[in-house]
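*Asks:* Below is one structure. I have some questions about it.
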Amino acid sequence: MRAGRPSLLAVGAALLLLAGCAAGSTDLDPDAAAGPGEGTSAGSELSGEVTVFAAASLKSGFDTLAEQFEQRYPSVEVRPISYDGSSTLATQIIEGAPADVFASADEATMQRVVDAGLAASPRLFATNRLTVVVPAGDPGGVTGLADLADPERTIVLCAEAVPCGAASRALLSAVGVEPSVDSNEQNVTAVLTKVATGEADAGLVYVTDAATTDDVEAVLTEGADAVVNRYPLAALDTAASPAAAAAFVDFVLSDDGRAVLTDLGFGAP
Amino acid sequence: MVPAAVGLALLVVPLTALVARVDPTTLWRDVTSAGAVSALVLSVQTALAATAACILLGVPLALTIARSAARTAAVLRAVVTVPLVLPPMVGGVALLFLFGRNGWLGVALEGVGIRIPFTAVAVVLAQTFVALPFLVLALEGALRGAGVRYEQAAAALGAGRWRILWRVTLPLAAPGLVAGVVLCFARALGEFGATALFAGNAPGTTQTMPLAIYTAFNGAGVSQGTAVALSLLLLVTAVAVLLLVRGWRPGTSR
């Protein structure tokens, strides 16, 4: 008796093909190949493509900066920027992802890239501080850091390996609070989203993130001024268009670039 | 011949690259660390629970589809296939919006004091969501192929419905059922996207092996060695499961 062998094989093959989607993956720019010729001599137009990997907390800032940069240098294209937890991005860069510029949310993560021989001299371009956020209306009744120790409340933090996670835990241990964490997220935007949709009672994000959406409220966070994240920026040695990458770095560090970030709540480096 | 070799290489060579990166000096310590063991135990427990749920729900569903008229069956089959083609993370978001604080079922359950997101129950739910189609489709194919002649013969000889199910229908479809169960378990064990979004990532409660590997891999230094060790552990577990279930090859003749 044939148990439908061909159909089972076909189904099995199709299922195996489709089952390859178990692992999550972050968006990578597939090719940052050098643009058609690079302008390098002084006085000629800069051209090429720039691929930027930036910490998740830099999203609105860097999107604006990329637009302004492209207006200033019409022959340079800034490819859609990859935003994620800095540690995730650093891992991708070290494993060979084709990035030209890396902006990290803390110096330790940038140091990993420097140690791998991929970046020479990172420069600080901004600072940021943490704040407790709650969904609009504060349904969980969270009034400060001490409430993050409550196992009854749903608390979401960044994973420890991510800059905001390391800073969160440093802040919590500085004030002597042992958090009861319900989920560790890979980047700060994921924490913000969980709080904004009301799925969590509270989370720790940067003050700049708290300002991006009306769905969360920032709660006065004692001791947050003591924990400062310093953001370094570097053009990578593997940049396809080194001049364009260096120009982007210079633009972020310029007064115009700093103004964009300051407007969003970032501190001076 | 060459395409076959390339296909096989595509499946095997990346795994050898993974094994090559294992650091033998720290391997045992990484693999037996508290975090690794708890992640593995949680993964196996939830995958088993999800497989049980899939059997309880999937067998009746497969029977329904297999015995339906062609058009109804086609529609049902398409619906069941949706979680397969849906990116798992989208499934996780959907589950969160259904069972979360502001979702229909979430609000109803909260009224009775039950919270599902960020618990182990959420892990099982997410795994069931993504793994159920495997069981249903594999079993349904086998059931349809088996046909109804033997069931009709058994009924004519006086067997009751349950007896027909246990003694005739399921044994006839056994290869498809076993294949479906194994695929279902393997898929549940490896589920990442839906669990990450719906159940969260808390060591000990909801951090399954895939989540532990992803978290460790994105950390610095020592953590990456741990990620490789954990990956190897999961790989060995998966191979062990496959070997334990003998005769799972589809279409094993009786």
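Just so it is clear, none of the values below were taken in a lab; they were calculated from the coordinates. Owing to the predicted nature of the structure, the values given are computational and were not obtained by experimental measurement. When we count neighbours, we look across all protein chains shown, and the Cβ atoms used for this are built from the backbone with ideal geometry, even at glycine.
*Asks:* Classify region A:128-228 from the C-alpha gyration tensor, please: rounded if a/c falls under 1.5, else prolate or oblate depending on whether a/b exceeds b/c.
*Replies:* Here region A:128-228 falls in the rounded category.
*Asks:* Of B:23, A:100, A:214, B:30, how do they rank once you tally other Cβ atoms within 10 Å and put the fewest first?
*Replies:* Fewest-to-most Cβ neighbours within 10 Å comes out as A:214, B:23, B:30, A:100.
*Asks:* Separate question: Please give the FRET efficiency for residue A:262 paired with residue B:32, using the beta carbon to beta carbon distance and R0 = 51 Å, rounded to the nearest 0.05.
*Replies:* Step by step, r from the Cβ atoms, then E = 0.55.
*Asks:* So, one more: Between residue B:56 and residue B:242, what length in nm is gained on full extension when 0.36 nm per residue of separation is reduced by their alpha carbon distance?
*Replies:* Here the answer is 64.8 nm.
*Asks:* When the Cα centres of region B:66-126 and region B:6-37 are compared, how far apart do they sit, in Å?
*Replies:* The distance from the Cα centre of region B:66-126 to that of region B:6-37 comes to 33 Å.
*Asks:* If we count every other residue with Cβ under 11 angstrom of residue B:36's Cβ, Lys/Arg +1 and Asp/Glu -1, where does the sum land?
*Replies:* Result for the local shell: 0.
*Asks:* What is the distance in Å between the Cα centres of region A:130-147 and region A:190-215?
*Replies:* 10
*Asks:* Could you give the nm distance between label points at residue A:150 and residue B:6, where each point is 7 Å from its Cα heading toward the beta carbon?
*Replies:* 6.0
*Asks:* Just from its helices, what would the mean residue ellipticity at 222 nm be for chain B, if runs of 4 or more DSSP H residues each count -39500 (n - 2.57) and the sum is divided by every residue, rounded to the nearest 500 deg cm²/dmol?
*Replies:* -24500 deg cm²/dmol
*Asks:* Okay, next question. For chain B, find the longest principal axis of its Cα atoms and tell me its angle to the long axis of helix B:34-66, 0 to 90°, nearest 10.
*Replies:* Around 20 degrees separate the two axes.
*Asks:* Can you compute 3J(HN,Hα) from phi for each residue in region B:170-186, using the Karplus curve 6.51 cos²θ - 1.76 cosθ + 1.60 with θ = phi - 60°, rounded to whole Hz and x for Gly and Pro?
*Replies:* 3J(HN,Hα) across region B:170-186, in whole Hz: 5, x, 5, 9, 3, x, x, 5, 5, 4, x, 5, 5, 4, 4, 5, 4.
*Asks:* Report relative contact order for region B:23-244 in percent, whole number only (criteria: Cα-Cα under 8 Å, sequence separation at least 6).
*Replies:* Relative contact order for region B:23-244 comes out at 32 percent.
*Asks:* Can you classify region A:63-161 as rounded, prolate or oblate using the Cα gyration tensor, where a ≥ b ≥ c are the square roots of its eigenvalues, rounded means a/c under 1.5, and otherwise it's prolate if a/b beats b/c and oblate if not?
*Replies:* prolate
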